[in-house]
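Read the structure below first, then the notes.
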Amino acid sequence: MHPIHYIKRTYQRLKTLSYHQMKYEMKSNVWLICLAYGFVGLAFAGLAWFLDMHLRIGLEMTDFFQADYELTRQIVSSLVAGIITLNAFTLNSILVVLTNFSGQFTPRMLTTFISDRRTRHLIGIFNMAFVFILLTFFVLDETVASHYSAIPILTVLFMLIAVGSFVIFISHTINWMQVPNIMQHMKDESQHQILTTLVRDLEEYRTSEPQRNLADQLEGEGITITASKTGYIQIVDYKRLISYAQSVDTVIQFERRIGEFVLKGSPLLTYWKTGRYPIDPDEINKHVFIGSKKTEVQDIEFGINKLKEIAIKALGNDDPHTTSNAIFQLSDLLLSISQVSRFSPYLTDSNNELRVIIRKESFAFYLNSTFSHICLYAKRDPVITNNILEAISLLAEAIDDVYHDCSWEFALMVAKGYEASFAFEYNEQSYYQTLEKISNTTNHQKEYKEFLEELEQKRKAQDV
């Protein structure tokens, strides 16, 4: 793609994003913070040039803070090579380690590491020191100034800052790459997206039921808008979409949910024309951004999948402790989802009039999406199966009562899905005790007794 077209396309995309979506995009691109720190390095280089080449403060400083042209040139040229070597060694080592970790756990770990605030700032400091030292190397001129002070002092200072950042960066990376910390960071990132982008960009428009009869508002045959390109539905600008629907007095219904893959020309949206105002389908379509990959700006399931991948890969790598940790982190993520989302498909405008209908979701959907895949891999592992039941038990105690029925139903499916016999009595006791606890919490004691009777009948049939 031509650079001008790429810049234009990026600008058009960024214009449609909300503040929190824009913030997420900036966090995902490390070059932005490197560019900002590069300008800081440029500003300091300009300051040093002004002090030494224009004001010539080097002639007025004491011998300790003064260096002639040859010494200054040696200092700067040596540190230029040093900072390049430091950057190359640091980034190369980190990328090798991260690549190995990505293969073992999840490739999305790279994005999470780069999005980390401390990581981005430390990389930016390396870039700032390099820009400053490189620029000062080129501005040195013996015919303009024979003695220097600001350039050598700031050069040494910037190099010391870079070395200090290198030590902090290595310490930060080692701490970050510990598996429990990796999962904690991933969970925190997903929770942050849920509690900011999702809540402020979507939840404020939700309503349990439309103000007017839904059949009256969707009277007649709707007009379908197809996808303009192939890819994943990444972002919907709900605020501007609702505002446009209000201005033309229409209702827009989504045929796909955030994160789903669509083909060019497949149904994406449907709107109902009242006849009072002209409606531009392109104006509606431009508020839905389709890209080549999934993002977690508005896709809750994507944040869940990151931790789920770690749990499944850890099972394959015979690392049950990591799987157990991921399961409990996922339960905390589900708790956050249950607390902030009302799971209503109806979005209203400022007058409480229905304007947008999204695909209906539920807590049961996210519960199944979170643990069902792990259960398939753990159906003969009593320890992991018990961990899943324990996570559901903890979740049932913390969530609202309206989600108790689906929690019990899923826990019962997990229990029925376990296929192996128990080699140890402790695992068997934990299995039944945890399931009984869930039944008591969710008020399904009768169903638990029926489950026990069903198991007893199966045992008798096998004995015969």
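Taking all protein chains as present, what is the carbon and sulfur share of the accessible area of segment 201-353, in % to the nearest whole number, probe 1.4 Å?
For segment 201-353, the apolar C and S fraction of the accessible surface comes to 45 percent.
Using alpha carbons only, how many degrees (0 to 90, rounded to 10) separate the axis of helix 382-398 from the longest principal axis of the chain?
That works out to roughly 90 degrees.
Taking H as built 1.01 Å from N, whose amide H comes closer than 5 Å to the amide H of Ile252, not counting residues under 5 places away?
Those qualifying (amide H under 5 Å, at least 5 residues apart or on another chain) are Val356, Ile357.
For the Cα atoms of the chain, what angle does the longest principal axis make with the long axis of helix 179-193, in degrees from 0 to 90, nearest 10?
Computed tilt is about 80 degrees.
Do any GluC sites (Glu not before Pro) in segment 372-439 lie in a DSSP loop with no more than 10 other beta carbon atoms within 10 Å, and if so, which?
Qualifying residues, ordered by number: Glu419.
Between the DSSP loop rule and a limit of at most 12 other Cβ atoms within 10 Å, which trypsin sites (Lys or Arg not before Pro) in segment 365-441 are left?
Arg380
Along the principal axes of its C-alpha atoms, what lengths does the chain span, in descending order and rounded to whole Å?
Largest to smallest, the principal-axis extents are 99, 71, 34 Å.
Return an integer: the convex hull volume of the alpha-carbon atoms of segment 288-404, in Å³ per residue.
Per residue, the Cα convex hull of segment 288-404 comes to 122 Å³.
Tally up the carbon and sulfur contribution to the accessible surface of segment 37-122 as a whole percent, 1.4 Å probe, everything protein left in place.
Solvent-exposed carbon and sulfur of segment 37-122 make up 65 percent of the total.
Assuming 0.890 mPa s and 25 °C, estimate D for segment 30-153 with Stokes-Einstein, Rh taken as the Kirkwood radius over Cα pairs, in µm²/s.
Roughly 151 µm²/s, to the nearest whole number.
Semi-axes, largest first, in whole Å: what does sqrt of 5 times each Cα gyration tensor eigenvalue give for segment 122-180?
Calculated on Cα positions only, the semi-axes equal 34, 10, 5 Å.
Treating only the Cβ of Lys, Arg, Asp and Glu as charged (+1, +1, -1, -1), what charge dipole size does the chain show about its Cα centre? Round to the nearest 20 debye.
Magnitude of the dipole: close to 1120 debye.
What list of ³J(HN,Hα) values in whole Hz, one per residue of segment 438-452 in order, does the Karplus curve 6.51 cos²θ - 1.76 cosθ + 1.60 (θ = phi - 60°) give from phi, with Gly and Pro shown as x?
In residue order, the calculated couplings are 5, 5, 5, 5, 8, 6, 10, 4, 4, 5, 5, 5, 5, 5, 5 Hz.
Quote the convex hull volume per residue of segment 186-259, based on C-alpha atoms, as a whole number of Å³.
In segment 186-259, the Cα hull volume divided by residue count equals 128 Å³.
With N residues in segment 256-351, what two-decimal value do you get for its Cα radius of gyration over 2.2 N^0.38 Å?
So segment 256-351 has a normalised radius of gyration of 1.54.
Tell me the angle of helix 30-49 to the major Cα principal axis of the chain, expressed in degrees between 0 and 90 and rounded to the nearest ten.
Taking the Cα atoms of the chain, the angle to 30-49 is about 20 degrees.
Gain in length, Leu59 to Asp349, computed as 0.36 nm per residue apart minus the alpha-carbon separation, to one decimal in nm?
The Leu59-Asp349 span can extend by a further 97.5 nm.
So how strong a dipole does segment 51-187 carry about its Cα centre when Lys and Arg Cβ are +1 and Asp and Glu Cβ are -1, to the nearest 20 debye?
Once rounded to the nearest 20, the dipole reads 980 debye.
222 nm [θ] for the chain, helices only, -39500 (n - 2.57) per DSSP H run of 4+, per residue, to 500?
Taking each H run of at least 4 residues, the total per residue is -21000 deg cm²/dmol.
Could you compute Rg(Cα) / (2.2 N^0.38 Å) for segment 383-424, with N its residue count?
1.26
Considering only protein heavy atoms, what per residue accessible area in square angstrom results for the chain with a 1.4 angstrom probe?
Result: 51 Å² per residue.
Report for the chain the percent antiparallel among DSSP-assigned beta bridges with both residues inside it, nearest 5.
Around 90 percent of the beta bridges assigned by DSSP in the chain are antiparallel ones.
The values are calculated or read from the model by the stated rules, or taken from the named source; none is laboratory data. Bear in mind that the values here come from a model prediction, so they are computed numbers and not experimental data. Positions of Cβ are generated from backbone atoms using ideal geometry, with glycine treated the same way; all protein chains shown enter the neighbour counts. The accessibility values were calculated without ligands, DNA or RNA, using every heavy atom of the protein model including side chains. Shrake-Rupley method; radii C 1.70, N 1.55, O 1.52, S 1.80 Å.
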